[in-house]
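Inspection log for the structure reproduced underneath, given as structure tokens.
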Amino acid sequence: MPISFYNTLTRKVEEFKPIVEGRVSMYTCGPTVYDFFHIGNARSFVMSDVVRRYFEFSGYEVNYVMNITDIDDKIIKRGNEENRPSSEVAETFATAFLEDTKRFGIRHASTHPRATETMEEIIAHIKALVDKGAAYEVDGDVYFRVSAFKEYGKLSGKKIEDLQIGARIEADDRKENPVDFSLWKSAKPGEPSWDSPWGKGRPGWHIECSVMSQKYLGKTFDIHAGGNDLIFPHHENEIAQSEALTGEPFAHYWMHFGFLNIDNEKMSKSLGNFFTARDILEKYSAEVIRFYYMQTHYRSPLNFTHEGLEAAKTGLQKLQGLYDALEDAKTGSASFDVAAHEQRFIDAMNDDFNTSAAFGALFDMTREANTALHADTGMDDASRASLRDFLQRSCEGVFGILSSEKDDGGASSALLDGVMQLMIELRAEARNEKQWALSDRIRDGLKELGIVLEDSRDGTRWKTTT
Ligand code: AMP
Ligand code: ZN
């Protein structure tokens, strides 16, 4: 079976047919950077990362774009609360996002565009919509004219008439129709703003994603993904704004990730069950958390529990244990059929990225391989090498759950990550306070240990030289 997955737009599992043979263009809605991201966001980011990695495993070249929403009401609110510019708030949490995704083993996207760096294109897109009659201005605000897009509602299945009834409750007289939505918001005093044909202001959230995706992937691209909560209105509006202008399909496939709840309740700060990705990474390695997420199908809700994480730790140790044992085992004479197991893994993943069935195949293989390794005949060198190669490509390449550190299920690499994060923060503090001798000592001392720090506009990264 070729790769097939559920398309929210057509409401069925469909075979994936790329626009360009051998290539995938994919856009996933990224974070709004007003805080550290939480374990619910992390689930969406990890599952999206796994989809991208599986396409690569299957031989595709993936152009993977994930935006960073760096201008938004919540960012402005936090800036006001902390008495600092909202651009600084956005910078702090955009850097934290890139650091935390790295610690989670989530690969850097081909591009992480930012809304504030795409302003020229956003304004041009809105202007073109106004020129075409699909949007209108009212005193410096611009709204999308929903009636200009006949297919509005095709993703979420909502009907304009039903939406109108709901929207009338909070009707805004300035809009022609209560369901019309904001493309450009005129600046309020003290808010960050950009010049536009409609005066100073800033874009709405939906238009940012339409423009960032099309800028990097073209008018029509293969896959658009995000959490379930984004189907309406965010993704519905993205389609309307894009297709009303281009007259062509926006994304061919729409993929949505199920929500994460904690102990069967919605995660929220007020309920005291809110965990950031950073909080969880202090207790469990990225490999354990990733494995835990992947045991549930990406479209199903996931009920997050500490018991579940503990169980994941044990399960992961079995896979890691086989990987390590294969390296240490002595040469034997029996061969082992890896190809049949690999085919089961592929069949499961091709069937709507069924990660739990893929793990079923991997665990069956692990059981049989352990038996073979412990038998008197042992396993021949070629079989051990191809088993290790398959584990490397599946568990590490696709799932990102194998650790090169032995025996601890990844805990020590998570520990090193944590220590390095602390070193980077201490060095940044030293530099802020102009303690140059101390900051140099940190950098030079790490260098002697074989760790180099690389500064960039996305923050500081580290890598080992050995
Ligand atoms: P946000 O920063 O809130 O815009 O969310 C970033 C991404 O995380 C989006 O794709 C959301 O759909 C997703 N997301 C937010 N909350 C959860 C949750 N509890 N479970 C799964 N995904 C989530
Ligand atoms: Zn988006």
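Quick notes on this one:
- Test: residue in the range 97-118 that is small (Gly, Ala, Ser) and either in the same structural domain as Thr276 (by TED's automatic domain parsing) or modelled with pLDDT under 95 (or both): no
- Test: residue in the range 115-128 that is within 16 Å of ligand 2 (Cβ to nearest atom), closer than 30 Å to Ala187 by Cα and in contact with a His (Cβ under 7 Å, 6 or more places away or on another chain): no
- Of all the residues in the range 212-233, those that are within 11 Å of ligand 2 (Cβ to nearest atom), among the aliphatic types (A, V, I, L, M) and open to solvent by less than 10 Å² (accessible area, probe 1.4 Å) number 2.
- In the range 48-71, the residues that are under 20 Å from Ser394 (Cβ atoms) and either open to solvent by 10 Å² or more (accessible area, probe 1.4 Å) or near ligand 1 (Cβ under 9 Å from one of its atoms) (or both): Ser48, Arg52, Arg53, Glu56, Phe57, Ser58, Gly59, Tyr60, Glu61, Val62
The rows are residues; the columns are (1) within 16 Å of ligand 2 (Cβ to nearest atom); (2) not acidic (Asp, Glu).
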{"residue": "Met26", "(1), (2)": "yes, yes"}
{"residue": "Val50", "(1), (2)": "no, yes"}
{"residue": "Arg53", "(1), (2)": "no, yes"}
{"residue": "Glu56", "(1), (2)": "no, no"}
{"residue": "Lys77", "(1), (2)": "no, yes"}
{"residue": "Pro85", "(1), (2)": "no, yes"}
{"residue": "Glu88", "(1), (2)": "no, no"}
{"residue": "Glu91", "(1), (2)": "no, no"}
{"residue": "Glu99", "(1), (2)": "no, no"}
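- Residues satisfying the stated conditions in the range 9-40, i.e. of a type in the set (Ser, Thr, Tyr) and either surrounded by fewer than 20 Cβ atoms within 10 Å (Cβ to Cβ) or more than 13 Å from ligand 1 (Cβ to nearest atom) (or both): Thr10, Ser25
- Residues considered: Glu282, Glu236. Of these, the only one that is open to solvent by less than 10 Å² (accessible area, probe 1.4 Å) and in a helix (DSSP H, G or I) is Glu236.
- Near pairs, Cβ below 7 angstrom, 6+ apart or cross-chain, from the range 235-250 (modelled with pLDDT of 95 or more) to any residue that is of a type in the set (Asp, Glu) and within 12 Å of ligand 2 (Cβ to nearest atom): Phe250/Glu238
- Residues satisfying the stated conditions in the range 247-267, i.e. open to solvent by less than 70 Å² (accessible area, probe 1.4 Å) and closer than 13 Å to Phe304 by Cβ: Gly258, Leu260, Asn261, Ile262, Met267
The values are calculated or read from the model by the stated rules, or taken from the named source; none is laboratory data. Remember, predicted model here, so these are calculated numbers, not experimental data. Neighbour counts are summed over all protein chains in view; Cβ atoms, including those assigned to glycine, are modelled from backbone coordinates with ideal geometry. Surface areas here come from the heavy atoms of the whole protein model, side chains and all, with no ligands, DNA or RNA. Shrake-Rupley method; radii C 1.70, N 1.55, O 1.52, S 1.80 Å.
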